1. Return the residues of segment B:159-172 that are over 15 Å from residue B:71 (Cα atoms) and open to solvent by less than 60 Å² (accessible area, probe 1.4 Å); say none if nothing qualifies.
2. Give me a count of the residues in segment B:134-147 that are open to solvent by 20 Å² or more (accessible area, probe 1.4 Å) and either away from chain A (no Cβ under 14 Å) or modelled with pLDDT under 95 (or both).
3. Report yes if some residue within segment B:289-296 is assigned to a loop (DSSP other than H, G, I, E, B), charged (D, E, K, R) and within 13 Å of chain A (Cβ to nearest Cβ); otherwise report no.
4. Tell me the residue from A:284, A:305 that is among the aliphatic types (A, V, I, L, M), outside any helix (DSSP H, G or I), over 15 Å from the mean Cα position of the chain (by Cα) and surrounded by 22 or more Cβ atoms within 10 Å (Cβ to Cβ), please.
5. When the residues of segment B:237-254 are narrowed to those that are surrounded by fewer than 19 Cβ atoms within 10 Å (Cβ to Cβ) and in contact with a helix residue (DSSP H, G or I) (Cβ under 8 Å, 6 or more places away or on another chain), which ends up farthest from residue A:139 (Cα to Cα)?
6. For segment B:287-296, how many residues meet the condition of being touching a strand residue (DSSP E or B) at 6+ places or on another chain (Cβ under 7 Å) and surrounded by fewer than 18 Cβ atoms within 10 Å (Cβ to Cβ)?
7. Got a number for residues in segment A:268-280 being surrounded by fewer than 24 Cβ atoms within 10 Å (Cβ to Cβ) and more than 10 Å from chain B (Cβ to nearest Cβ)?
8. So residue A:156 passes all but one of these: (1) open to solvent by 20 Å² or more (accessible area, probe 1.4 Å); (2) assigned to a loop (DSSP other than H, G, I, E, B). Which condition number does it fail?
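The values are calculated or read from the model by the stated rules, or taken from the named source; none is laboratory data. Predicted model only: the values in this text are computed from it and were never measured. Glycine also receives a Cβ, built like all others from the backbone with ideal geometry; neighbour counts cover every protein chain displayed. For accessibility, only protein heavy atoms count, side chains too; no ligands or nucleic acids. Shrake-Rupley method; radii C 1.70, N 1.55, O 1.52, S 1.80 Å.
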There are 2 protein chains.
Amino acid sequence: MRTSLATSAAKFSKVLALLLALPLLAQAAEPLPSWNDGPSKKSIIEFVQTVTKPDSKSFVKPEERIAVFDNDGTLWSEQPGYFEELFAFDEIRRLAPQHPEWKDQQPFKAVLENDHKALAEGGMEGLLKIFMASHAGLTTDQFRNNVQAWVSKARHPTTGKPYTEMVYQPMLEVLQYLREQGFKTYIVSGGDTGFMRVFAEEVYGIPPEQVIGSTFVTEYQNQDGKPSILRTAKIAHNDDGPGKPVSIDSVIGRRPILAFGNSDGDRQMLEWTAAATGPRLMGLVHHTDAKREWAYDKDSKIGRLDKALDQAKQQGWTIVDMASEWRRIYPFEAAAPVNPQ
Amino acid sequence: MRTSLATSAAKFSKVLALLLALPLLAQAAEPLPSWNDGPSKKSIIEFVQTVTKPDSKSFVKPEERIAVFDNDGTLWSEQPGYFEELFAFDEIRRLAPQHPEWKDQQPFKAVLENDHKALAEGGMEGLLKIFMASHAGLTTDQFRNNVQAWVSKARHPTTGKPYTEMVYQPMLEVLQYLREQGFKTYIVSGGDTGFMRVFAEEVYGIPPEQVIGSTFVTEYQNQDGKPSILRTAKIAHNDDGPGKPVSIDSVIGRRPILAFGNSDGDRQMLEWTAAATGPRLMGLVHHTDAKREWAYDKDSKIGRLDKALDQAKQQGWTIVDMASEWRRIYPFEAAAPVNPQ
């Protein structure tokens with residue numbers, strides 16, 4: 001009997017060990033398969049191991065593993081224009097029949113006539129009018145429905161792909177890898193919060209409550225017992241530049257230990273992440289691939305990367321060279337061979 | 001050999017079944033032990049079962065199980081004054097040596113002289129000045145340190161207990177029960193977000209990113225490479241009344257399926273929660289226990305419960321009668337026998 005019990009116990013231990021090892025085995029698959037074995041992949045994996053290994057001196061408790069990501073140019077493309085801007089233009093075209101006056105009114109006339117010169121002349125003020133006409137004066141439910149309808153049928157002007165497929169496969173892998181390692185992943189972007197929430201959960205695996213962006217002042221209203229929330233034509237928060245650490249502090253209330261951006265609008269977010277004790281990872285996606293994506297930095301109007309690039313070099317932040325470090329850009333592409341030279 | 005293998009397999013199945021059953025066994029302990037078997041306990045448990053049982057027609061996916069709770073008067077006491085107001089008064093006393101002019105200046109003079117009449121005469125305007133002097137013009141880090149120092153040593157004027165012990169044991173059990181059942185629990189309160197975040201994780205098990213409250217406009221600043229976030233003397237959001245559904249929509253981006261409050265300031269939050277399809281639970285803590293806590297509703301200046309009580313009765317919301325439904329109020333008390341009549 002004793003022997004039999006001991007054998008059972010031994011078997012039980014083995015079974016238990018096997019069961020407990022399952023999650024570890026699952027994690028053992030090589031992370032970041034769409035990344036070449038370059039300096040960025042190395043720095044990401046080394047950082048994650050440093051903060052997650054229980055015996056590490058720099059171990060960070062799971063609840064403090066906050067990772068923040070810009071969206072435009074960091075998680076998805078932003079050329080030939082910010083995708084949300086292209087949505088706003090499409091909305092103006094869709095709404096034009098209800099606004100016959102737009103035919104003779106700038107900046108709407110420029111959008112309807114596809115007049116890039118007039119649109120550029122309208123500057124930020126014109127753009128703001130287009131944003132107000134497409135993003136404000138409706139309830140949050142109505143806005144979500146509009147974005148949903150657009151996302152499902154709009155196509156990118158040069159690739160012909162749905163915008164939600166023009167996301168960076170290597171960054172999707174970073175998001176997933178971090179979550180597997182106990183991180184909470186957030187979007188912190190200049191885009192409209194309500195706009196991004198429509199697709200962030202499905203596309204990035206980031207739930208609505210982890211999407212932080214620019215916001216309009218909203219108002220609670222209750223008509224005949226049917227409450228709704230109105231997006232007024234007043235901007236509440238511009239989630240760009242110094243607005244990013246502000247919203248991180250306000251919404252998350254913890255300092256991130258990892259931050260990824262791609263432009264000067266992300267500089268303060270990275271700086272804020274860097275300026276705390278303990279291990280930190282600050283990353284910049286550098287758009288260097290004119291062939292597979294777009295190549296731009298210091299002189300670009302969209303996603304200008306100038307000061308932040310200098311600061312990244314000075315302070316040793318991780319700069320991702322898209323052209324050489326990414327085996328593929330989009331999920332719909334085949335991966336290039338490892339480390340093509 | 002066959003028999004032996006079969007026996008091993010059978011043993012393995014048993015072990016596996018036992019291992020898999022462990023979480024279920026843990027859950028099987030009777031929830032809400034500090035609640036009498038009254039209508040509120042029944043409605044909470046029935047609601048949770050309705051939305052969590054996989055075969056339920058009204059099953060709600062875990063990511064959509066959002067539960068929101070007011071803080072003052074719902075999770076902790078709010079008498080003889082809102083605890084954060086008492087913190088503000090203590091801060092004025094602490095800072096007085098640096099402000100000799102306060103000796104002759106209202107409303108500060110009233111605080112320093114403990115002159116309730118003069119304080120009442122100062123009204124909201126006076127109170128706002130006290131809040132600005134204690135809550136603004138300092139960095140978020142400094143403010144957190146101040147609150148931490150206060151929380152660790154301040155004592156409630158009538159019970160002599162730390163404020164963080166004057167939390168409702170029955171509500172702590174509701175929070176824990178909901179989280180065990182896959183809910184995400186949030187605070188949505190008129191209190192200052194940064195104030196509540198100092199103790200919410202330790203006391204309620206609610207992490208900073210799930211604490212929503214009133215906020216000041218903050219500004220990012222960077223002096224000599226040391227970035228910080230300044231709380232300016234301008235209110236950004238008043239998280240009371242209609243401000244609650246607004247912040248829920250802005251920060252969470254999902255409609256809660258359970259909301260708990262105790263005053264008219266929670267009316268719109270409960271109404272917003274109620275006005276969606278699918279099962280919902282709207283609860284009000286009714287302060288009926290003058291002996292063990294305080295008894296107040298329609299005529300109270302603090303935590304007035306008037307319109308919301310009428311609406312709750314009309315619409316069949318859950319009204320918790322503290323005196324009869326709670327076996328104890330605070331964690332430091334012994335529980336009363338079950339259902340004393």
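1. B:159, B:160, B:162
2. Qualifying residue count, segment B:134-147: 3.
3. no
4. Every option except A:305 fails the conditions.
5. Only one residue fits best here, namely B:241.
6. Matching residues across segment B:287-296 total 2.
7. Summing the residues that are surrounded by fewer than 24 Cβ atoms within 10 Å (Cβ to Cβ) and more than 10 Å from chain B (Cβ to nearest Cβ) in segment A:268-280 gives 4.
8. Unmet for residue A:156, out of (1) open to solvent by 20 Å² or more (accessible area, probe 1.4 Å); (2) assigned to a loop (DSSP other than H, G, I, E, B): (1).
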